[in-house]
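The values are calculated or read from the model by the stated rules, or taken from the named source; none is laboratory data. All of these numbers come straight from a predicted model, not from anything done at the bench. Cβ atoms come from the backbone with ideal geometry, glycine included; neighbour counts cover every protein chain shown.
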Amino acid sequence: MNKKWESVIGLEVHLQLKTGTKVWCNCSTDYDSDKPNTHTCPICLGHPGALPKLNKKVLEYAIKAGLALNCKINNESTFDRKNYFYPDTPKNYQITQFDNSYAGRGYLDINVNGKEKQIGITKIQIEEDAGKSIHGVKESYINFNRASMPLVEIISEPDMRSSEEAYEYLTLLRNTLKYTGISDVSMELGSLRCDANISVHHEGEPFGTRVEVKNLNSFKAVARAIDYEINRQINTIEDGGSIDQETRTWDDETQITKVMRSKEEAMDYRYFPEPDLLKVVVTDEEIEKIRETMPEDIVAKINRFVNDYKLPQYDADILCLDIELANYFEEVVKESNNAKTSANWILTEVLKYLKDNHIEINDFPISAKDLGKIIELIDKNIISSKIAKKLFEIKLKDERDPETIVKEEKMAQVADEGAIETLVEEVLNNNPKLIEDYHNADEGRKPRVLKGLMGQCMKLSKGKANPKMVTDLLLKKL
Amino acid sequence: MNNICNFTALELRDKIANKELSAVEALTAVYEKIEKTDDLIGSFISLRKETALKEAKIIDEKIANGEEVGILAGVPVSVKDNMVSLNDLTTSCSKILYNYKGIYDATVVKKLKEAGAIIIGKTNMDEFAMGGSTKTSYHKLTKNPWDTSKVPGGSSGGAAASIAAKQCFISLGSDTGGSIRQPASFCGVVGMKPTYGRVSRYGLMAFGSSLDQIGPLAKNVSDIALTMNVIAGYDDYDATVSPKEVPDYTKSLNKDISGMTIGVPKEYFVEGMDSKIKEIMDEALEKFKSLGAKIVNISLPHTKYALPTYYVLAPAEASSNLARFDGIRYGYRSPNAKDYIDLYVKSRSEGFGAEVKRRIMIGTYVLSAGFYDAYFKKAQKVRALIKNDFDKAFENVDIIFTPVAPSTAFSLDAVKTPLELYLEDIFTLSANLAGVPGISIPAGIANDLPVGIQLLGKHFEEETLIAAGHAFEKIRGEFNLPEGADK
């Protein structure tokens, strides 16, 4: 009983590809808000005589997924039929890749509590999605709009040892794939779906019996289901029981897993090579061509932001979560030449605006160039940070470029010595008590009195006076 | 009007194009013939007379206006009931599709229509093309126009009978293990199974996807060549169809075949063959010799494994292909089901016939996880060996000569075990396993019934078969189709 328990987790992730048209036919993949069965044809409805033909774009997108996950892209792959009866499966078989998938071994490097770990990807395969059953009280309905949506299934090695690792893997997987632009990569929208394989064993002993958990519809559900299953399995064994090889389903309401199918009920899918489709052949040149169109790898990008822009890891991580945001940042820096200040502005003001208004960076009203200019104006002491915030607010609704606004709205700092002297003198003349106060104050209190005078000066200048010049002059006059 | 029905497709096409005859006249003659004969013969499952007449009228108008028309303009054509055509009943002669109407045109149908052919109706067949007698059809029996107590062969029995009874000029059949060539032989007409991948299967209700091929049946080889010009070639809807350019097959007619090497595989001439059939085969070979062809003995050593291989692979694919017929989206749905599993079980139990169920069971068995390696995988390996036999043989010969079937058309009442029926395909199914083209041409009469020879060719060399077949036809002389069906 003293031996330590270890859990083993592998994930199977299904990703819907946003290719515009389905995997075997020309039906549109943008079906979500449309009426049921409007995006269908004889092919995706499995009508007699209809044959599949592989959509070239699906292969291209699938290869992008493979490259993003460091997989080996196979020059030759084949399709198989997976036979099973289900009402939302029009042909009663699913076309998938079983023996020879298009993408082999890959990996992702995750970071949990500061520790790096590599999670292996066994393979990725192209396959088709099924339709959707909708169950009424007495009848059931089927919507085939999703039938034959292109999917890739990403199968990980059983390399994860905790729900935290699984969560990190899934997060990095999503972020990495989001980068490639091939999918919405959203569990909420159903474009990313995950099943977990979980087993427990004593360290140093062979792996335990594995249980598959389905119906995980959020990242949190994945983590919770894994934790629940690890506990359940350990408790079962410690109570003298054993783990059955079965498929379980996660119940989000009760937060437990329940038996869906036992090993005895396991399906015999009767896989065999799909005779209606030819072998898929891709040359190394074609793979390289696709690689050239890929955005920079997310991890490489984060490292570059840290090294080249000297950004803190935290800033780089957040900026790189969204490729468009990262691009925006780089555009801002080009103008501002100040990476840290640019990052600060984006991570605070810009992100706040996006969040409050529920928009993406592409719809943000201030162009990267204009935001860069605002930051440049601060660095050149033309405006103060405080005025810059005001300028930012105006710019959200104003077409004029920042310099014009500063000029026309007379927002520039006053840095003219004569003007500031006049200003300082006016404040000193109006506040003889404060001057007296200053001279009587001990060294500890003096700066506070000075700050008060300073505040008067800034107020009088409507925030535009150069603060350093004001301080210098005040000290001189006092 | 009988006169019109005696024409070949080519003759009719020319007469319509020359305005000697209108498409409407030809079509009217054909429907009259069907009306007179089909109660007895039973070639047709469904007819589309009204639509066909409208189409014929349009062809006539076009010709009258001097507009360009296709190479089959006005020619009445029948199509096997497993090829989908828009708005027409297409049932594969199964109860499970008794009410199914096509929601699109199969590529071959589309091509026929574009070539101006007039599709007159759907022909009877064995249910889902499984059988060699057309007796497994859900709808009715088809009888051999030469002797109505005999089967027309199968599964394209309706197609072959429709040509033999002169009910149309061209008929499309499908051939998975001999289903065009065997009924062609039994009915005394010409039937060609093209190379796998030469004709699009889009819209053909699949039986064994890796074996199925659509092909023409007609009165003679010239009409076969003419039809191949229309139906062969690339199709964006079938990944397995070849992009190879389609030659003008009619150019191969009248080609000199002297110097051609014809291989005769010893495995196809075994003890126990009907002596009359053997005689006809020998005579045919003599005729080829007299045409200057060189006859050589060859061996296809894996021939004896073709039958078991075929009867593992074809049912395996069929079991999967037929899974879509489940009562959910179209076709027959059992009214007695309690839940969705019950709906599957009852719809399929009530909807499929015995032979189809038998093959689904065999196919499901050979694909199941525990038996896959022993049966399906093994069969695939043997298939490669059989294909290799042909590749090797074709290094030395231009075509291979064999009988089409071990016997002439058998009696409609004959009680045969499934295995005896499977043996009917023994000479034809190797070509499907190897994917090579084959043609069946009438060569003589035995026991008052026609007997065909089979010529097999290299991949995509239908032209050689057409050249040899046409040369043979010329030296054979007229092969008159029976008149009996009219009575």
Please find, within the stretch A:111-132, the residue that is nearest to A:LEU17 (Cα to Cα) out of those that are at pLDDT below 95 and exposed (fewer than 15 other Cβ atoms within 10 Å of the Cβ).
A:ASN111
Pick out, from the stretch A:358-443, the helices (runs of 4 or more DSSP H) lying fully within it that include 2 or more residues that are touching a Ser or Thr at 6+ places or on another chain (Cβ under 9 Å) and not β-branched (Val, Ile, Thr).
A:368-379, A:417-430
List the pairs whose first member sits in the stretch B:234-253 and is more than 27 Å from B:ASN220 (Cα to Cα), whose second member is surrounded by fewer than 19 Cβ atoms within 10 Å (Cβ to Cβ), and whose Cβ atoms are under 8 Å apart, counting only residues at least 6 apart or on separate chains?
B:ALA239/A:LEU54; B:ALA239/A:LEU278; B:THR240/A:LEU278; B:PRO243/B:TYR234
Restricting the stretch B:69-90 to residues that are in a loop (DSSP other than H, G, I, E, B) and aliphatic (A, V, I, L, M), the residue that is nearest to B:LYS219 (Cα to Cα)
B:VAL75
Just the residues that are in contact with a helix residue (DSSP H, G or I) (Cβ under 7 Å, 6 or more places away or on another chain), aliphatic (A, V, I, L, M) and under 20 Å from B:PRO418 (Cα atoms), please, taken from the stretch B:103-132.
B:MET125, B:MET130
Those residues of the stretch B:365-389 which are of a type outside the set (D, E, K, R), crowded, with 21+ Cβ neighbours inside 10 Å and away from chain A (no Cβ under 14 Å), in sequence order
B:ILE386
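Hey, any hits in the stretch B:215-223 for a residue that's farther than 17 Å from B:TYR104 by Cβ and within 14 Å of another protein chain (Cβ to nearest Cβ)? Working first, answer last.
Here is the first cut: in the stretch B:215-223, the residues farther than 17 Å from B:TYR104 by Cβ are B:215-223.
Restricting the remaining residues to those that are within 14 Å of another protein chain (Cβ to nearest Cβ) gives none.
Checking the stretch B:215-223: not a single residue is farther than 17 Å from B:TYR104 by Cβ and within 14 Å of another protein chain (Cβ to nearest Cβ).
Is it the case, given these coordinates, that B:TYR234 is outside any helix (DSSP H, G or I), over 27 Å from B:TYR422 (Cβ atoms) and within 14 Å of chain A (Cβ to nearest Cβ)?
Answer is yes for this residue.
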Count of the stretch A:63-105 residues which are under 30 Å from B:LEU343 (Cβ atoms) and of a type in the set (Lys, Arg):
3
Within the stretch A:166-181, the residues that are under 23 Å from A:GLY20 (Cβ atoms) and of a type in the set (D, E, K, R) are A:ARG174, A:LYS178
Which of (1) hydroxyl-bearing (Ser, Thr, Tyr); (2) more than 11 Å from chain A (Cβ to nearest Cβ); (3) under 16 Å from A:PHE272 (Cβ atoms) does B:SER319 not meet, given it meets every other one?
(2)
Among residues of the stretch A:73-90, those that are outside any loop (DSSP other than H, G, I, E, B) and either free of Cβ contacts under 8 Å to residues at least 12 places away in the same chain or more than 9 Å from every other protein chain (Cβ to nearest Cβ) (or both), counted:
5
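Given the criteria under 19 Å from B:THR195 (Cβ atoms) and touching a Gly at 6+ places or on another chain (Cβ under 7 Å), does B:ILE400 qualify?
Yes.
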Return the residue satisfying two criteria in turn: it lies in the stretch A:233-275 and is loosely packed, with under 15 Cβ neighbours inside 10 Å, among the polar types (S, T, N, Q) and outside any loop (DSSP other than H, G, I, E, B), and of such residues it is nearest to the other protein chains (Cβ to nearest Cβ).
A:SER262
Which of the residues belonging to the stretch B:161-203 are under 13 Å from the mean Cα position of the chain (by Cα), more than 14 Å from B:VAL108 (Cα to Cα) and of a type in the set (A, V, I, L, M, F, W, C)?
B:ALA161, B:ILE163, B:ILE180, B:ALA184, B:PHE186, B:CYS187, B:VAL189, B:VAL190, B:MET192
Which condition number in (1) away from chain A (no Cβ under 14 Å); (2) touching a residue at least 40 places away in the same chain (Cβ under 8 Å); (3) surrounded by fewer than 24 Cβ atoms within 10 Å (Cβ to Cβ); (4) over 26 Å from B:ALA161 (Cβ atoms) is the one that B:LYS392 fails?
(2)
May I ask you to verify whether B:ALA467 is aliphatic (A, V, I, L, M), over 18 Å from B:PRO194 (Cβ atoms) and in a helix (DSSP H, G or I)?
no
Taking the stated definitions as given, is B:PRO301 part of a loop (DSSP other than H, G, I, E, B) and either free of Cβ contacts under 8 Å to residues at least 60 places away in the same chain or within 11 Å of chain A (Cβ to nearest Cβ) (or both)?
no
Does the stretch A:195-232 hold any residues that are under 19 Å from A:MET260 (Cβ atoms) and part of a strand (DSSP E or B), and which are they?
A:ASP195, A:ALA196, A:ASN197, A:ILE198, A:SER199, A:VAL211, A:GLU212, A:VAL213, A:LYS214, A:ASN215, A:LEU216
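Could you list all residues from the stretch B:409-433 that are of a type in the set (Ser, Thr, Tyr) and farther than 18 Å from B:LEU141 by Cβ? Don't jump to the end; show me each part of the working.
Within the stretch B:409-433, the subset of a type in the set (Ser, Thr, Tyr) is B:411, B:417, B:422, B:428, B:430.
Passing the criteria: B:THR417, B:TYR422, B:THR428, B:SER430.
Every residue, every condition in (1) within 14 Å of another protein chain (Cβ to nearest Cβ); (2) of a type outside the set (Val, Ile, Thr); (3) more than 25 Å from B:THR28 (Cα to Cα), yes or no:
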site	(1), (2), (3)
B:VAL84	yes, no, no
B:ILE96	yes, no, yes
B:ALA106	yes, yes, yes
B:PRO145	no, yes, no
How about the stretch A:291-343: which helices (runs of 4 or more DSSP H) wholly inside it have at least 1 residues that are surrounded by 13 or more Cβ atoms within 10 Å (Cβ to Cβ) and among the small types (Gly, Ala, Ser)?
A:313-321, A:323-336
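Condition test on A:LYS395, is it basic (Lys, Arg) and crowded, with 20+ Cβ neighbours inside 10 Å?
yes
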Which one is nearest to the other protein chains (Cβ to nearest Cβ), of the residues in the stretch B:333-356 that are part of a loop (DSSP other than H, G, I, E, B) and under 30 Å from B:GLU420 (Cβ atoms)?
B:PHE352
I'd like to verify a number: residues in the stretch B:322-332 that are away from chain A (no Cβ under 11 Å) and outside any loop (DSSP other than H, G, I, E, B), how many?
0
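Within the stretch B:190-211, can you find the residues that are of a type outside the set (Val, Ile, Thr) and either more than 9 Å from every other protein chain (Cβ to nearest Cβ) or farther than 18 Å from B:GLY131 by Cα (or both)?
First pass over the stretch B:190-211, keeping only residues of a type outside the set (Val, Ile, Thr): B:191-194, B:196-198, B:200-211.
The answer is B:GLY191, B:MET192, B:LYS193, B:PRO194, B:TYR196, B:GLY197, B:ARG198, B:SER200, B:ARG201, B:TYR202, B:GLY203, B:PHE207.
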Among the residues of the stretch A:444-456, is any in contact (Cβ under 8 Å) with a residue 40 or more places away in the chain and either on the phi < 0 side of the Ramachandran plot or outside any helix (DSSP H, G or I) (or both)?
no
Just one listed residue, out of A:LEU51, A:LEU69, A:LEU108, is out of contact with any Cys (no Cβ under 8 Å at 6 or more places or on another chain), within 27 Å of A:VAL281 (Cα to Cα), within 14 Å of chain B (Cβ to nearest Cβ) and buried (at least 19 other Cβ atoms within 10 Å of the Cβ), and it is A:LEU51
